[in-house]
1. Please sort 341-349, 93-101 by packing, taking for each peptide the average over its residues of neighbouring beta carbons within 10 angstrom, highest first.
2. Once the convex hull of the alpha carbons of region 123-167 is built, what does its volume come to per residue, in cubic angstrom?
3. So how do 269-281, 115-127 stack up, highest first, on mean other-Cβ count within 10 Å?
4. PRE reach from Arg392 (point 7 Å along Cα→Cβ): which of region 272-305 fall under 12 Å by backbone N?
5. What is region 178-319 by shape, rounded, prolate or oblate, if you read a ≥ b ≥ c off the alpha carbon gyration tensor as root eigenvalues and call it rounded for a/c under 1.5, prolate for a/b larger than b/c, and oblate otherwise?
6. Under a point spin-label approximation (7 Å from Cα along Cα-to-Cβ), what is the Val466-Val483 distance to one decimal in nm?
7. Roughly how many Å² is the accessible area per residue of the chain, as a whole number, for a 1.4 Å probe?
8. Given a cut-off of 18 Å, what percent of all Cα-Cα pairs of region 91-170 lie beyond it?
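The values are calculated or read from the model by the stated rules, or taken from the named source; none is laboratory data. Computed from a prediction, not measured in an experiment: that's the story for all the values here. As a convention, Cβ positions derive from the backbone with ideal geometry for all residues, glycine included, and neighbour counts pool all protein chains shown. Accessible surface areas use protein heavy atoms only, side chains included; no ligands, DNA or RNA. Shrake-Rupley method; radii C 1.70, N 1.55, O 1.52, S 1.80 Å.
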Amino acid sequence: MPELAAQFEDEKPGRVLSGPIGLLFGGAALAVGTLALWQVFRPLPQGSKYYLIIFLAGILPLVFLAYPADLRLRRRRTPEPVAARTRPSVADWALALLALAACLYPVLPLSLGSGGGGYDAFLDRQGLLAPVDLVMGTVLLLLLLEACRRTTGWVLPAVCLLFLAYGYYGGLLPQSWPVAHAGLDFSQLVDAFYNSDSGFYGTPLDVAASYIVLFTIYGAVLDLSGAGRFFVTLSTAAFRRSRTAAGRTAVASGFLLGTVSGSGAATTVSIGAVTWPILRRAGYPPERAGGMLAAAGVGAILSPPTLGAAAFIIAEYLGVSYLQVLGWATVPTILYYLGILLSVEIDARRSGVRPVLLDAVSPWRLLARFGYHFASLLVIIALLAVGVSATRAVVLATALAVVLSFLDRAHRLTPLRALTALVTGVRGVLAVAAVCAAAGIITATTTKTGLGPQAAALLVDGAQAVTSDPTLVLILTAVLAAVALSLLGLAVPVTASFVIGWVIIGPALIDLGVATPAAAMFVFYFAALSEVSPPTALAAVAAAAVTGGRLVPTMWQTLRYALPAYLTPIAFVITPAGLGLLGIGGPQRIVLAGVVIALSVAVLAVAAGGWLPGVGPAGAPERLLAALAGVTLLWLEPVPVAVGLALAALAVTGVFVRRGSAGRTGGPRAGSPAELREV
């Protein structure tokens with residue numbers, strides 16, 4: 001299971017380094033991890049930017065050692081030697097050394113002509129770079145683009161180059177165009193990237209270096225301590241006597257592993273390696289099982305207490321505590337898994353899934369023996385609640401997990417295994433850190449050119465060209481924003497998708513009166529859902545690799561399971577009552593919004609699955625009514641809610657009538673074996 005998870009830990013697989021090279025890599029990663037832990041309790045006196053420079057200098061060279069260039073201009077006639085895939089090439093070593101020099105240049109106390117001179121001298125030249133500053137900044141720019149290409153593919157570097165071209169050539173656009181600007185020369189752009197707080201060393205990298213690396217270390221510690229296996233085993237034991245045990249086990253495993261993973265594809269593969277044999281025995285086709293696994297795995301990005309990397313960026317951008325972001329995510333997470341569980345129940349009855357006898361011990365015995373694995377998760381929440389910073393909370397929880405691991409002889413974290421977990425955690429942040437640093441190209445260009453407000457105005461103007469009604473303008477803007485974010489997420493990783501969406505789409509929603517938390521969570525959810533959106537759908541690709549199913553059908557099955565998650569965020573922004581879904585507005589609003597949207601999720605599951613649990617199949621008219629009811633209920637106002645309830649009642653009545661007609665005509669009873677074999 002760990003090997004499969006590592007394969008999909010990032011968007012592209014990395015090298016497995018061993019021997020002296022592996023020791024060198026491990027030593028460097030250990031130094032970076034130690035620095036990150038040290039920074040929590042004894043921050044470097046030079047400030048956070050100084051720390052980010054040192055952190056990137058430790059991370060970026062490791063990217064070139066861990067990820068191959070994978071450039072093939074023509075098809076190889078002979079297989080590539082294994083050594084070429086497992087050992088860094090001469091070019092990789094050269095790029096690693098160049099990355100080390102370009103990253104450390106701002107802090108090295110060496111004078112190089114009119115440049116160099118140390119950290120303070122480098123900062124004093126902000127806005128007026130020396131020629132050597134310009135050269136080093138350009139080198140780092142190119143290295144970050146190459147690092148992103150190696151870890152995530154060609155698309156994100158292309159997007160960064162597009163923003164770079166806009167910053168340089170935007171002054172040549174007709175000034176009557178809304179997106180035109182005064183123009184920036186190359187030195188101004190490099191200064192914005194290399195020597196400002198919105199470039200390479202901006203908020204995204206700050207989040208990666210201050211939060212994400214600590215949570216990846218925590219996740220690695222939990223994994224080596226046996227927590228991941230315990231979560232899956234507990235899920236199996238909890239549902240071992242249920243008719244839908246196989247599906248429920250997969251969903252519950254995804255949720256429990258997601259609380260510590262934060263990676264959709266990695267969680268998908270981890271739970272799939274264990275639960276796919278169970279799903280196969282139950283009679284699930286590979287494509288349907290893959291869709292279920294991918295949808296459950298992507299919940300890792302949405303599940304507290306370790307949401308995806310973008311959640312930490314939300315906390316920094318909005319200036320709120322991470323605990324508050326967790327609070328905003330709690331109700332939507334429950335609704336997301338409610339939708340998947342309902343789909344599992346519907347599939348089990350509609351598709352004739354067989355009961356499977358799961359060989360598992362009592363869940364109470366498991367909890368009594370290994371329930372301590374939950375302790376560190378609860379400690380994080382408790383420490384955040386009493387005002388401890390997220391960084392200190394996760395470090396203390398990690399220390400507790402190390403201590404508790406000695407309760408299990410097979411998984412105790414001896415000093416050597418603890419160091420292995422530290423190295424594994426640092427390796428897990430390599431791709432994220434490269435993406436976050438490169439995202440500085442996007443944020444700095446947007447800030448220098450004013451693109452954010454201009455693009456937001458274009459989005460709102462497009463909606464106003466269709467209608468002048470303020471409510472309809474907001475709804476249409478939200479729909480256009482959802483489509484734009486979904487398309488953007490097909491091309492770039494979740495973190496970059498959120499950053500781009502926030503600087504461009506966030507202002508459009510806020511200008512229309514949407515509360516800032518609602519706008520941020522709206523962008524976050526649609527950025528995260530890119531992992532299950534065809535035609536890329538990374539989590540679905542991972543699931544298909546596990547089940548051996550056809551890729552495209554697996555993607556569509558994933559989309560069906562995750563359908564409620566695409567619609568629920570719309571409720572955040574189209575009406576003030578939607579804030580109740582984020583836990584904002586008092587108990588009455590929260591309960592009302594949660595109950596109504598839960599009903600919306602339920603009827604949407606019926607519409608997608610074509611079955612009403614406990615009653616029988618839903619025909620096309622009932623499914624259409626259920627779909628209309630689900631969408632109408634998203635508008636949390638009295639009249640739309642009343643209309644949605646009426647439509648839902650009509651759909652349920654139609655299913656009952658259909659069941660009665662089938663009984664009178666001698667057709668198969670709802671849920672009978674003959675009916676189950678229809679699909």
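1. Working: 341-349: 23.2, 93-101: 17.2.
For the peptides 341-349, 93-101, the packing ranking is 341-349, 93-101.
2. Working: hull volume 3.5 nm³, N = 45.
So the per-residue hull volume is 78 Å³.
3. On the way: 269-281: 22.8, 115-127: 15.2.
Descending mean neighbour count gives 269-281, 115-127.
4. Residues passing the 12 Å test: none.
5. Working: a/c = 3.68, a/b = 2.34, b/c = 1.57.
Because a/c hits 1.5 or more and a/b exceeds b/c, region 178-319 counts as prolate.
6. 0.6
7. On the way: 27310 Å² over 679 residues.
The answer is 40 Å² per residue.
8. Working: 1607 of 3160 pairs.
For region 91-170, the fraction of Cα-Cα distances above 18 Å is 51 percent.
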